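One structure below.
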Amino acid sequence: MSRFVNPVPQFWLDNGEVASSGLIEFYENKNFSSKKDTYNDIDQTVKNTNPVKLDGQGRMPPCFGEGLYSVKFYAYDNSALDKKGPLQWSRDDVDLSSGSGAHIVTGK
């Protein structure tokens, strides 16, 4: 049985503010030195940038992948060269398998 995942998640910073333009980086599972691709479409033909940038409301674009990932979520910092602000959280074992029902995806 698949788990329900919010199809339009909104991300928040540790201080309670909306994570406007926040950044979500994807890596090989349990290997934060090796980035792993995600895709804008379920057929995995259009790669997302890595990190994926959230919109002004803290929502991410469509994000599909295959298998397990490690993920880091950063606040946005316009003054930083890489635009990464403070790390908000990181997780291992994030399942983005397109058939599992546990992928991160947003819709309109």
* **Pairs with Cβ under 7 Å, 6+ apart, first in region 73-87 and part of a strand (DSSP E or B), second open to solvent by less than 50 Å² (accessible area, probe 1.4 Å) and of a type in the set (D, E, K, R)** => LEU87/LYS72
* Asked: So PRO51 clears everything in (1) more than 18 Å from ASP77 (Cβ to Cβ); (2) touching a Phe, Trp or Tyr at 6+ places or on another chain (Cβ under 8 Å) except one condition, right? Which one?
  -> (1)
* Taking GLY16 and the conditions (1) open to solvent by 60 Å² or more (accessible area, probe 1.4 Å); (2) on the phi > 0 side of the Ramachandran plot, which numbered condition does it fall short on, given that it satisfies the others? -> (1)
* To do: For region 21-42, indicate whether the set of residues that are touching a His at 6+ places or on another chain (Cβ under 8 Å) and either modelled with pLDDT of 95 or more or within 15 Å of VAL71 (Cβ to Cβ) (or both) is non-empty.
  => no
* Before we move on, is LEU68 more than 18 Å from PHE11 (Cβ to Cβ), hydrophobic (A, V, I, L, M, F, W, C) and surrounded by 14 or more Cβ atoms within 10 Å (Cβ to Cβ)? -> yes
* To do: For region 19-59, enumerate the residues that are in contact with a Leu (Cβ under 9 Å, 6 or more places away or on another chain), on the phi > 0 side of the Ramachandran plot and exposed (fewer than 15 other Cβ atoms within 10 Å of the Cβ).
  => LYS30
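The values are calculated or read from the model by the stated rules, or taken from the named source; none is laboratory data. Predicted, not measured: the structure shown is a model, and the values here were computed from it. As a convention, Cβ positions derive from the backbone with ideal geometry for all residues, glycine included, and neighbour counts pool all protein chains shown. In case anyone asks, the SASA skips ligands and DNA or RNA and just uses the protein heavy atoms, side chains included. Shrake-Rupley method; radii C 1.70, N 1.55, O 1.52, S 1.80 Å.
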